[in-house]
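Presented below is the structure to which this report refers.
The values are calculated or read from the model by the stated rules, or taken from the named source; none is laboratory data. Small disclaimer: the values here were computed from a predicted structure and weren't measured. Glycine gets a Cβ as well: all are built from the backbone with ideal geometry, and neighbour counts include every protein chain shown.
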2 protein chains.
Amino acid sequence: MNSIQLLSNHQLRKTQFRERVLDIFLRYERALSQKDLEEQLHESDRITLYRTLKTFEEKGLIHKAIDGSDRLKYALCAGHCDVHAHHDHHAHFHCVTCERTFCIEDVQAPALDAPPGFEVESTHVIINGRCAECAH
Amino acid sequence: MNSIQLLSNHQLRKTQFRERVLDIFLRYERALSQKDLEEQLHESDRITLYRTLKTFEEKGLIHKAIDGSDRLKYALCAGHCDVHAHHDHHAHFHCVTCERTFCIEDVQAPALDAPPGFEVESTHVIINGRCAECAH
DNA sequence: TTTTAAGTGCAACATTGTTGCGTGTTGGTT
DNA sequence: AACCAACACGCAACAATGTTGCACTTAAAA
Ligand SMILES: [Mn+2]
Ligand SMILES: [Mn+2]
Ligand SMILES: [Zn+2]
Ligand SMILES: [Zn+2]
């Protein structure tokens, strides 16, 4: 899968900026913050990046990776997500040492109970710990 | 348990401001954002509130309630948390309608696997859905 | 090639996080 | 009761991030 395919699959115009952003996601296989992306993009406008990420999220190219850090991160969707719904229910691993966050496709959010009257819509699992590199 | 006991149990000076903040947590039995608290406090200085929450969190009176919203929330610790460690491993329910967040003491974070080489330290579970009031 | 809906870049403002510092307060000591 | 030192408070200031409006540029369909 390349950035051009991703854009056309999701009915998005192909622009140089969007391709650059997607290429970074494809290169780093992990969740990235807006700051992470800015560092890779060198020249870029933060508002354009902000709106690009928002659009990608709405159209189902990327999903928010909640990791408990103060910074919002996004990661590429594995597939079949679109403008109608996201289907990423995997856990996210947040390394407390290097602050990197990884999608853990193998760990799905478990079915959980909620108190009476509460309607469960989706669940998120965040795992904190040390990644393979930082655990040495 | 009242606010004065909570402060002395955690080796914190008793001040009027801290008592007011704790009273709000005791009154609303849910996770509160800094903005929620400011609305209840009427007259208050946001920097003092920021530092008060930070101190409370460090001393084990309150814990961060990660709920995936853009706003950090805090909730009262159930007990036995102190300056050394927090022991809150329950799930947090975030209502997508009213944006309120509740500690679900009954739902503990499940033991989860991580990829080889990754060291798990703690896990967080966020449940999104509709609370009893909003599910009508 | 023309047309137009969409994307980009900049200004501007809001919100939140964070630190420094002078002043006021708490709780223990004299 | 008065005193003192550590701590807490309130304000200024700045950083980072989120968000919108608007004029200009560009993509892709006609
Ligand atoms: Mn993910
Ligand atoms: Mn909680
Ligand atoms: Zn790491
Ligand atoms: Zn609700």
Handout entry: Selection from the range A:105-133 of residues that are facing chain B (nearest Cβ under 7 Å) and either closer than 20 Å to A:L61 by Cβ or in contact (Cβ under 8 Å) with a residue 60 or more places away in the chain (or both)
Key = A:S122, A:H124, A:I126, A:N128
Completion exercise
Among strands (runs of 3 or more DSSP E) entirely within the range B:15-101, at least 1 residues that are among the charged types (D, E, K, R) occur in B:62-65, B:73-76
Practice task
Might you check whether a residue that is within 16 Å of DNA strand C (Cβ to nearest atom), without any contact (Cβ under 8 Å) to a residue 40 or more places away in the chain and more than 16 Å from the chain's Cα centre (by Cα) occurs anywhere in the range B:68-80?
Solution key: no
Fill in the blank from the handout: Sole miss for B:K35 among (1) touching a residue at least 24 places away in the same chain (Cβ under 8 Å); (2) farther than 23 Å from A:S69 by Cβ; (3) among the basic types (K, R) is condition (2)
Practice task
State whether one or more residues within the range A:49-61 are more than 30 Å from B:A135 (Cβ to Cβ) and without any contact (Cβ under 8 Å) to a residue 12 or more places away in the chain.
Solution key: yes
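Yes/no per residue for (1) more than 16 Å from ligand 4 (Cβ to nearest atom); (2) away from chain B (no Cβ under 14 Å); (3) in contact with an Asp or Glu (Cβ under 6 Å, 6 or more places away or on another chain); (4) modelled with pLDDT under 95:
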| residue | (1), (2), (3), (4) |
| --- | --- |
| A:S3 | yes, yes, yes, yes |
| A:V21 | yes, yes, no, no |
| A:E43 | yes, yes, no, yes |
| A:F56 | yes, yes, no, no |
| A:K64 | yes, no, no, yes |
| A:S69 | yes, no, no, yes |
| A:H80 | yes, yes, no, yes |
| A:V83 | yes, yes, no, yes |
| A:H92 | yes, no, yes, yes |
